[in-house]
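Q: Could you have a look at this structure, given as structure tokens, before my questions?
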Amino acid sequence: MKNVKNTGGKIMSKDKQEFMTDSMGRQVPVNMVKEIDRLRDQTVRRIADEAVKMKGVLGDFKNRIRDDILSFVEKSAVEYGVKWGGKKGNISLTTYDGQYKLVIAMNDNITFDERLQVARELIGKCLDKWSKGARAEIRLLVNDAFQVDKTGKISTARVLGLRRLDIQDADWQKAMTAITESLQITGTKQYLRVYERDANGEYQMIPLDVAAL
């Protein structure tokens, strides 16, 4: 079709006939689209447009207050003759009366390399050896530790939790060593949180996530 102008949800042709693009990319004349479908499209599009704008506002807000916090920390370091340039480590600041607290938290993204599978084989060997005398809760902990979530990832916390078990079997100890040596840091993510102290003196995080409001 020639001389077609994309106007968002609708497409206007040269002869002024309006079309809407469906989920398959097909252009459907507006007069063939049910009124309720047009209303749904308008409602979702309006809200989504507002959400995109809000995402930008929150992104700017996060960057601005992060820069403000880091700028303050640099000024504070100068008081002690130190040039602060660290981006690693957590920072916590509170108001003079303790009503509000700002926290910048740095969390490492941890994953395992192929040695995790070696550890799993060694642990399986242990369970086979202990088949008659193994406590049911240990078997449950092991099975749970290697379960994957919906994205196919293994819980780091559950796997590392196996190291807290006091088991002296040589194969088990080898497995724990393999788990430790398989740890790999793939990146670091920065989190910014703002807290307010409630009537009980406990800090409650101010939610900036729509789902948490």
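Q: Take the residues of region 145-175 that are in contact (Cβ under 8 Å) with a residue 40 or more places away in the chain and part of a helix (DSSP H, G or I): which is nearest to A119 (Cα to Cα)?
A: In this case the residue turns out to be A175.
Q: Can I ask one more? Restricting to region 184-213, count the residues that are closer than 14 Å to L58 by Cβ, among the charged types (D, E, K, R) and surrounded by 10 or more Cβ atoms within 10 Å (Cβ to Cβ).
A: Result for region 184-213: 1.
Q: Do we have any residue at all in region 125-135 that's in contact with a helix residue (DSSP H, G or I) (Cβ under 9 Å, 6 or more places away or on another chain) and part of a loop (DSSP other than H, G, I, E, B)?
A: yes
Q: Still on this structure, I have one more. G86 - would you say it is modelled with pLDDT under 90, closer than 30 Å to E196 by Cβ and in a loop (DSSP other than H, G, I, E, B)?
A: Against the criterion (modelled with pLDDT under 90, closer than 30 Å to E196 by Cβ and in a loop (DSSP other than H, G, I, E, B)), G86 qualifies.
Q: Taking I104 as the residue in question, decide whether it is at pLDDT 80 or above, touching a strand residue (DSSP E or B) at 6+ places or on another chain (Cβ under 9 Å) and assigned by TED's automatic domain parsing to the domain that holds G187.
A: yes
Q: State whether the residues of region 109-117 include one that is closer than 30 Å to K55 by Cα, modelled with pLDDT of 80 or more, in contact with a strand residue (DSSP E or B) (Cβ under 6 Å, 6 or more places away or on another chain) and not aliphatic (A, V, I, L, M).
A: yes
The values are calculated or read from the model by the stated rules, or taken from the named source; none is laboratory data. Note that the coordinates shown come from a computational prediction; the quantities given were computed from them, not determined experimentally. Ideal geometry is used to build each Cβ from the backbone, glycine not excepted, and the neighbour counts take in all protein chains shown.
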